[in-house]
Amino acid sequence: MQHKNETAPNQTDNPENTVSDKLRLIKKYPNRRLYDTRTSSYITLADVKELVLKHEQFQVVDAKTSEDLTRSILLQIILEEEAGGMPMFTSDLLSQLIRFYGNAMQGMVGNYLEKNMQTFVQVQKQLQEQSRTMFGDNTKVNKDLWAQFMNFQGSAMQGMMSAYMDQSKNVFMQMQDQLQNQTKNIFAGFPFPGFPGQPAAQKKDEGDKS
């Protein structure tokens, strides 16, 4: 929040004040300070985390260039959380994610993770709503039910992932066969030995005379 003896940026007649109330605008200054234009006060990274937990929509921009810095700020929050006592990502998982950067599958992996996270959040929300309807706002019961669901989910997901990997392997083999057949068809018209689809050159018998 705003500190004493520190002048806040002038918000008078600022066009950015017309930003929709649904989108909270936060400016980042060269001194790494974050300024919340809605409350006209400086905030910390912990305050931004609270906005995330409250599902508030916000955007962090560079105060000079207006560059969108929201992702970098969120990554900073994740980094601080991971540096705490209960990290979410293992070293192996992080290494796998790094290997996907620059890979042809990079976009698909990001989309896959996002879709799965959305599904996970929806299931969690529905379970919490059902638990609240049956048992009220009993935090312990909600946690116990979620723990039971996750125990079941673990074995169920393991079976689903195994089936998914087998199916993916079969699809890949089918695609590989199709590509090979297409390649053979493409080069079948070339009258040169050695091209796919062409018979190998017949060796002359050793007894043949010139």
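Bear in mind that the values in this text are calculations on the coordinates, not laboratory data. These numbers were taken from a predicted model, which means no experiment stands behind them. Neighbour counts run over all protein chains shown; Cβ positions are idealised from the backbone, glycine included.
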Residues in the stretch 120-134 near a label at Glu81, defined as backbone nitrogen under 17 Å from the 7 Å Cα→Cβ point?
120-125
Would you calculate the separation in nanometres between label points at Met88 and Asn111, each defined as 7 Å from the Cα along the Cα-to-beta-carbon direction?
2.3
With labels modelled as points extended 7 Å from the Cα through the Cβ direction, what inter-label distance (nm, one decimal) is found for Glu129 paired with Gln182?
4.4
Compactness summary of the stretch 30-111: radius of gyration and Dmax from Cα atoms, Å, are 15.5, 44
